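One structure below.
Throughout, read-outs are computed from the coordinates displayed, never taken from laboratory work. For clarity, every value in this text was computed on a predicted model and none was experimentally measured. Positions of Cβ are backbone-derived with ideal geometry, glycine not excepted, and every protein chain shown enters the neighbour counts.
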Amino acid sequence: MNVVMIGAGYVGLVSGACFSEFGANVVCVDLNQERIDALTAGQIPIYEPGLSSLVTRNREAGRLRFTTALAEAVTEADLVFIAVGTPTRRGDGHADLGYVYAAARDIAPHLRGYTVVVDKSTVPVGTAAQVRRIIAETNPGADFDVASNPEFLREGAAISDFLRPDRVVLGVESSRAESLLRELYRPLNLIEAPILVTDLESAELIKYAANAFLATKISFINEISQLCEAVGADVHAVARGMGLDGRIGKKFLHAGPGYGGSCFPKDTLALVRTAQEYGVSSRIVESVVEVNAAQKARMVQKVRHALDGSEAGKRIAVLGLTFKPETDDMRDAPALSILPPLVDKGAVIVAHDPQGMREAKALLPDSVEYADDIYTAIEGADAVVLLTEWNAYRGLDLPRVKASMRGDAFIDLRNVYEPKMMAEYGFRYTCVGR
Ligand code: NAD
Ligand code: UDX
């Protein structure tokens, strides 16, 4: 089976490599020449654990290649996946579908024989129908179906999420398209991964509803964490007590600095806009977005409070910049909302991140300093702010941290450490909801 992946970003690259692992012949196409050159030279342009060896193995087996030459790849394809970005549109919060529609126009003239064009990008309801219209208008003779196959992988765990998914969702409009997609995903039958087949619109909505629901769990526990602080309860105990109820489930109940990343922030906003467009209320998701923004603002207050009310002239060591560990992705990372107000009020920030510093430099204020080593970042600091729970920060040499600081404030926005133990080490310890 010949598969083309349009877009070789986080999703396109992982999906393309995993489909080739399933045995398909995969060509990943990207407009970005630099990215394709790097991939062709055996370099992986993003940090995702396990991706490099997966790509190498399948390239060597001749099942995976990279190109900018879309026409030639599409001509041979049985399935063309669109995995381009759908960022928030400037001004109105809607998903920007410009890249998806451009990809549909690029593909259309080169389709030969029956082909299924599949949206893998996260797209609002109705997009597959628009892709169908664009292709039919551009190439009236094309023999094709459109399908929706939303992707649920998490960055940092993308390969295992893709190879062992909780479910695969296939939105289809013909049994022929369904058969081809089922054939592609057949290796998952071995692990009995559920394949849910729906109409196009339901598949498109499942993705947004799932992301909004997960974001809801996070905003819910973040709001409860504030109540925990007010009444003297421990949010860990509360989350555990809730999560042991199988109807609630223990995942996505970790209080923290607010969710970030390339999906939850933009997808919750886009869902709200879709509801508005159809004249339907979306009050829960609107509140989730508001609570998340408030949580990030609350983290700034927490740092300020731990520094006795003023961050001016204080040296703050920040551990972790990416929106979660095991990725270099800085899109909508909490660091981008929490650090600039501290810099504005005169804080001197020295940051460390195992993978995200290159990306962060382009996005954070110029005055932020970066250290290649954790303990260099901490040297002479008035406060340490633990912002992303990378493994490297879970086992800090705490006596060494304390000895190299000039102050004693340790602000743990991911609840990695235990309050009692931190007090014993001599820190004035602040965390979230405990
Ligand atoms: P990304 O920005 O990392 O990658 C998109 C790639 O598409 C870029 O390399 C860009 O150069 C390329 N591109 C754009 N237009 C093109 C065209 N016409 N032809 C060829 N290449 C083109 O984006 P991503 O994070 O991989 O996200 C892609 C989609 O998947 C989005 O809709 C996103 O919401 C969704 N998604 C992302 C994740 C995630 O964790 N990142 C998870 C699930 C779903
Ligand atoms: C998310 C979805 O999980 C995935 O299914 C979808 O395909 C893409 O969006 P991702 O953004 O890669 O994946 O990471 P995720 O692990 O979901 O974390 C998102 C954000 O929520 C991070 O900032 C993380 O720190 C935060 N989070 C997550 C919490 O604050 N608490 C939690 O309990 C879980």
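For the reader, a short list of remarks on this structure follows.
- Cα-Cα pairs of the range 234-361 separated by more than 17 Å (percent): 67
- Here the sum of -39500 (n - 2.57) over DSSP H runs of 4 or more residues, divided by the residues of the chain, equals -13000 deg cm²/dmol at 222 nm, to the nearest 500.
- Axis angle, to the nearest 10 degrees, between helix 200-231 and the longest C-alpha principal axis of the chain: 10 degrees.
- One way to sum up the overall shape of the range 182-260 is the equivalent ellipsoid from its Cα gyration tensor, whose semi-axes run 34, 15, 10 Å, largest first.
- Environment charge at LEU64 (Cβ cut-off 13 Å; Lys +1, Arg +1, Asp -1, Glu -1): +2
- For the chain, size of Cβ-based charge dipole, Lys and Arg +1, Asp and Glu -1, in debye: 720
- Its Cα gyration tensor gives the range 201-434 an equivalent ellipsoid, and the semi-axes of that ellipsoid, as √(5λ) in whole Å with the largest first, are 31, 21, 16.
- Principal-axis tilt of helix 127-138 within the chain, Cα atoms, nearest 10 degrees: 40
- Across every pair of non-identical alpha carbons in the chain, the mean reciprocal distance, once inverted, gives a Kirkwood radius of 23.2 Å.
- Fraction of alpha-carbon pairs over 24 Å apart in the range 2-198 - percent: 35
- Debye intensity ratio I(q)/I(0), log10, the range 243-296, q values 0.16, 0.19, 0.31 Å⁻¹ (C-alpha model): -0.60, -0.78, -1.13
- Candidates ASP37, ASP96, ASP308, ranked by Gaussian network fluctuation over the chain, Cα under 10 Å, top entry: ASP308
- Rounded to 10°, Cα long-axis angle of helix 283-306 versus longest principal axis of the chain: 30
- Normalised by 2.2 N^0.38 Å, where N is the number of residues, the alpha-carbon radius of gyration of the range 63-180 equals 1.09.
- Between the C-alpha center of the range 39-109 and that of the range 126-189 there is a gap of 14 Å.
- DSSP beta bridge pairing in the chain, given as percent antiparallel to the nearest 5: 5
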